[in-house]
Each structure stands twice: as structure tokens, then as C-alpha cells.
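Throughout, read-outs are computed from the coordinates displayed, never taken from laboratory work. Just so it is clear, the model here is predicted, and its values are computed rather than measured. Heads up, the Cβs are rebuilt from the backbone with ideal geometry, glycines too, and the neighbour counts pull from every protein chain shown.
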Amino acid sequence: MNLVEPIKNQSDIELIKNELLSNCFRDYFLFVLGINTGMKISDLLTLKFMHLIREEQIVSFIHIRNTKYPINDGLRMCIIDYFNSLTHYSQDSYIFESRKGNEPIDRSHAYRIISDAAKKVGVNCNVGTQTLRKTYGYHHFKKHQDIKYLQKIFNHNSRKKTFDYIGVELAEIVKEDKEIYL
């Protein structure tokens, strides 16, 4: 089994987003929600509309299993666009509903969505469902340098495990620290 990697290059992320958007807004939304929250794929797929909307307002945080995932402004706009693209939905419906009935798409379908889009646009890294979470972690760390937050949401017991998970080498951190403080 190949380990999947984060998508480190912002232009690769945009290529995948454009590819998904050209095919299916639901699939695009799955990708965008995953890379902007860092949620596990099992949690993403079981989200219902009630997790994102309360009293006709988009929530500020998605609460899943004692973890709060913040919704940033870009994601908020994407949520609005997704809801506007739907002809109807109910609070109890799955956000990523399967065409087979009132069930969410499964992990293997989510994997195909993500990996097929990456292959079509020529992204040259091992991509899978955990890529969404790892991509979030990588970019969150690069922007905020907050490994403790990532360690908490990923439920890792060490900083090293989190750095390995998001694809950041310790040599990179030392180099960046020198660049930041000099």
C-alpha cells in the first residue's frame, strides 16, 4: 500500500479544484471542505446539512466527535455556492449523498473522485482520501507554524508524528526558523 501525500503546490490544488468543478459541484465541495478543515474522510462523508446550517445561518465551526473545525471565509462562500446549486435539501440529508438512495457516498467513491481528478491534471504525488487532511495540515503549518493545534485535531501523541503526517521535514523547520528569526 502506498502512503498518500499532501498536495504542497498551490497551483496543483487549483488545477484539481478546477477539474472537479467542471464535472460535479458536489465533488468539488468535498475536496474544498476537506482541504479547508482537515476532517477525516469518514467524518466528511457522514456530514449532514444540519452540521453546516443552524437557524438558516452557516455555522462558524463544524463540531464532530469533540473536535471543532473552523469555517474560514473562503469555505463559507463555497458552502453558500453549494447550497445555491442545489434544488432542494433537508437538514437530515447527507451533504455528499449517493445516487443510490439516502446514504452518503462511500470511501472508495471519494477515493476515485480525488485520485481521478489528480491524475487528469497531472499531479505527481500519491493521492487518496487522506490527502485532503494532510494537505490541510501542511498548509496550516506553513501559514501558522502551529503544530500543537494540528497535533490535537489529528489526535497524534507527538510532534514528530504530526510533522511526518503532513510531510514536513525537520530540516525544513530549522531552515524556516533561521529565516524567520534572522
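Looking at segment 22-52 only, could you name the residues that are surrounded by 16 or more Cβ atoms within 10 Å (Cβ to Cβ), aliphatic (A, V, I, L, M) and out of contact with any Lys or Arg (no Cβ under 8 Å at 6 or more places or on another chain)?
Those that are surrounded by 16 or more Cβ atoms within 10 Å (Cβ to Cβ), aliphatic (A, V, I, L, M) and out of contact with any Lys or Arg (no Cβ under 8 Å at 6 or more places or on another chain): Leu30, Leu33, Ile35, Leu44, Leu47, Leu52.
Which one of Tyr149, Tyr136 is aromatic (Phe, Trp, Tyr), surrounded by fewer than 19 Cβ atoms within 10 Å (Cβ to Cβ), over 17 Å from Leu21 (Cβ atoms) and within 17 Å of the chain's Cα centre (by Cα)?
The unique qualifying residue is Tyr149.
Taking the options Ile64, Ile114, Ile58, name whichever one is under 18 Å from Phe25 (Cα atoms) and either surrounded by 11 or more Cβ atoms within 10 Å (Cβ to Cβ) or among the aromatic types (Phe, Trp, Tyr) (or both).
On inspection, the qualifying residue turns out to be Ile114.
For Lys119, only one of the following conditions fails: (1) under 19 Å from Asn23 (Cβ atoms); (2) of a type in the set (D, E, K, R); (3) outside any helix (DSSP H, G or I). What is its number?
Here Lys119 clears every test but (3).
Go over the candidates Ser108, Ser93 one by one and state the one that is free of Cβ contacts under 8 Å to residues at least 12 places away in the same chain, surrounded by fewer than 17 Cβ atoms within 10 Å (Cβ to Cβ) and more than 14 Å from the chain's Cα centre (by Cα).
Ser108
Taking the condition in a helix (DSSP H, G or I) and surrounded by 19 or more Cβ atoms within 10 Å (Cβ to Cβ), does Arg76 pass?
In short, no.
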